[in-house]
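Scroll down for the structure; my scribbles are underneath it.
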Amino acid sequence: MTQSTRDGFTSSFGVLLATLGSAVGLGNIWKFPSLTGSNGGAGFLLVYLLATLLVGLPLMMVETMLGRAARANAVTVFDRVTQQKGWKIIGWMGFCAALLITAFYSEVAGWVYAYIFKAATGSIATTDPKVAQEVFGKLVSDPISSLVWQWVVLGLTGSIIMMGVSKGIEAVARKLMPLLFILLVILCIRSLTLPGAMAGLEFLFKPDLSKITPAVILTALGLAFFKLSLGMGTMMTYGSYFREDQNIPATTTRVMFADLSVSLLAGMAIFPAVFAFGFAPAAGPSLVFMTIPAVFTSMPGGVIFMTTFFVLTAVASVGAILSLLEVPVAILSERYSMGRKKAAALTVLAILLMGIPAALSQSTMADVKLFGMNAFDLFDFLSSNILLPVGGILICLFVGWVYGLPQLQKQLSNDGALKNTALIKIVFFLVRFIAPLSIAIILLHGLKVI
Ligand code: TRP
C-alpha cells in the first residue's frame, strides 16, 4: 500500500480517543484490581506507578514515534527506519504476543458479555461472597458457554476490524468511554460509603514494603506494559495512523493519565467493597466479577446500573481487542498483499484455535499444565511477563542506540514545530539507559535467573 492511500485517523481528537480505546479495557477493570489484590495492594501499586512513569510513558512515546516515522506495520517499520536486518524480530514477537494476549483476553471479555445477561436477570444481585463465587465458578467451569462467549467476542471484533481503521476503530472508540467513567465514579462513591470501607483504602494506598518481591516487581512492570499496550507493536501500528502534526508526547501523556485514573477508580470501587463484604482481596481473576455486582446490589437501581456497567466494560474491551487484532492484520495485509478481510479472517481463526485451551482451562483442560500453569495463566504470563518486557527492551535499545537522538528529536518535535527539546532529551536518556537496564534486571530477577 502506498503512503497516500493508507487509511488513518481523521482528526487529532479521534487519535486521542482511539489510543485511549486501546489502553483502557479489561486491564483497568479486571487485571489491575486482580493483580493489585493478589500482590499485596499498595506496594504493588507503587511499583506499578513507577514502572508506568519511568519505563511505560517514554516507551509509549518512542514506540508511537517509530510507527509514525515509518508509516507501516510493526514488522515493516524496521525495514524503513534502519538498514540493520535483525530488528524486525520485534514485530514478529509482537505478532505472537497479539495472538497470545487475545486468546485469553477474549475469554475474559466473554465472561463480561455473559455477565451482562446475568446482571439484567438479577442472578448476580448478591453481596454474599459464597453465592457470588458459585455463579462465577459455574460460568467458567462450563466448557460450552466458555467457548461460545469467546466466539461471540471474536466474531464481533473480527467483523469490526474488517470494516477498516478509521471507520471501524474510531467510530467505536469515540462513543461510550465517558459514560463508563461516570459509572465508575458512582460506583466509587457507593463503595467508599460502605461501612468498613476504610480498610480497603488502606490496602490500596498504604504500602507494606515487605510485600514487594522480585516476582511482584516483574508483575507490576508487566502490567505497566499491558495497560498502555506496549512492547508488541500496537502503538507502532496505531502511531502509523497518527497525523503528521499530532503532538506525540502530549497525546501519550494524556492517555497515560486518563488510563491511570480509570484504573484507580476501579480500584477504589472494588477494594472498599472487598473489605466491607468480606471478599478475599487475593481472589484473582474472579475478584471483579464478584465484588462489582455486590456494590451495585447495595444501591438503589442496582440492576440497571449493573447491566449498564457490564455493557460499557464490554465496549471498552472491544477498543482494546481491536488494537490487538490490528497488529497481525496490518502485518499480514501489508506484507503479503492480502486483502484486509482475508487478513482479519486468518487472524481471528488463529486466535479461535489458540483460544480453545484458554477457554477450557477451568473445565475440560484444567489439568493440562505447563510450568505449573493452565493455558489461560500461561498465555497471560508469557505475554505480559516475558514477551512485552523483552519487546520493550529491544525497542528502547533500538531507539537509544541505533535510531539516535537527532532523529528522535526531529520526530517527537514534529520537525521543530514543537518546543520540547528538554523533554525529548529526558525521554532519550530514559530509553537509552534507564528503561532497558531496569527491565532487564527486573526480568532476570523476577524469573529467578539471577
Ligand atoms: N491495554 C489494554 C487493556 O488494558 C489491553 C491491550 C490492548 C494490550 N492492546 C494491547 C495489551 C497490546 C498489551 C499489548 O485492557
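Only the coordinates and a few stated rules stand behind these numbers; no lab work does. What you are looking at is a predicted structure, and each value in this text was computed from that prediction instead of being measured. We place every Cβ from the backbone using ideal geometry, glycine too, and count neighbours over all the protein chains shown.
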Subject >> Relative contact order (percent, whole number), the stretch 71-160, Cα cutoff 8 Å, 6+ residue spacing >> reply: 26 percent
Original post:
Residues with beta-carbon under 11 Å from that of Leu408, excluding Leu408: net charge, scoring Lys, Arg +1 and Asp, Glu -1?
Top reply: +3
Subject >> Gln83-Leu49 pseudo-label distance in nm [points 7 Å out on the Cα-to-Cβ vector] >> reply: 4.7 nm
**OP:** Could you give the size of the charge dipole of the stretch 297-450 about its Cα centre, using +1 on the Cβ of each K and R and -1 on the Cβ of each D and E, expressed in debye and rounded to the nearest 20?
**Re:** 440 debye
Subject >> Centroid-to-centroid separation of the stretch 287-323 and the stretch 39-89 [C-alpha atoms, Å] >> reply: 30 Å
Original post:
Counting Lys and Arg as +1 and Asp and Glu as -1, what is the net charge of the other residues whose Cβ lies under 13 Å from the Cβ of Ser145?
Top reply: 0
Original post:
Under Stokes-Einstein, with the Kirkwood radius over Cα pairs standing in for Rh, what whole-number D in µm²/s applies to the stretch 1-158 at 10 °C and 1.306 mPa s?
Top reply: 83 µm²/s
Subject >> Radius of gyration and maximum dimension Dmax of the chain, Cα, Å >> reply: 20.9, 63
**OP:** Treating only the Cβ atoms of Lys and Arg (+1) and Asp and Glu (-1) as charged, compute the dipole magnitude of the stretch 12-446 about its Cα centre; round to the nearest 20 debye.
**Re:** 840 debye
Original post:
Label-point separation (nm) for Asp415 and Asp208, each offset 7 Å from Cα along Cα-to-Cβ?
Top reply: 5.7 nm
Subject >> Relative contact order computed over the chain (Cα-Cα under 8 Å; 6+ residues apart), in percent >> reply: 34 percent
Original post:
Is the shape of the stretch 350-430 rounded, prolate or oblate, going by the alpha carbon gyration tensor and its root eigenvalues a ≥ b ≥ c, with a/c under 1.5 for rounded and a/b larger than b/c for prolate?
Top reply: prolate
Original post:
Where nothing but the Cβ of Lys and Arg (+1) and of Asp and Glu (-1) is charged, how large is the charge dipole of the stretch 232-362 around its Cα centre, in debye to the nearest 20?
Top reply: 280 debye
Original post:
Around Val75, what is the net charge, scoring Lys/Arg as +1 and Asp/Glu as -1 over all other residues with Cβ under 15 Å from its Cβ?
Top reply: +1
Original post:
Can you list the lysines whose alpha carbon is less than 25 Å from that of Lys410, not counting same-chain residues fewer than 8 positions off?
Top reply: Lys85, Lys88, Lys419, Lys425
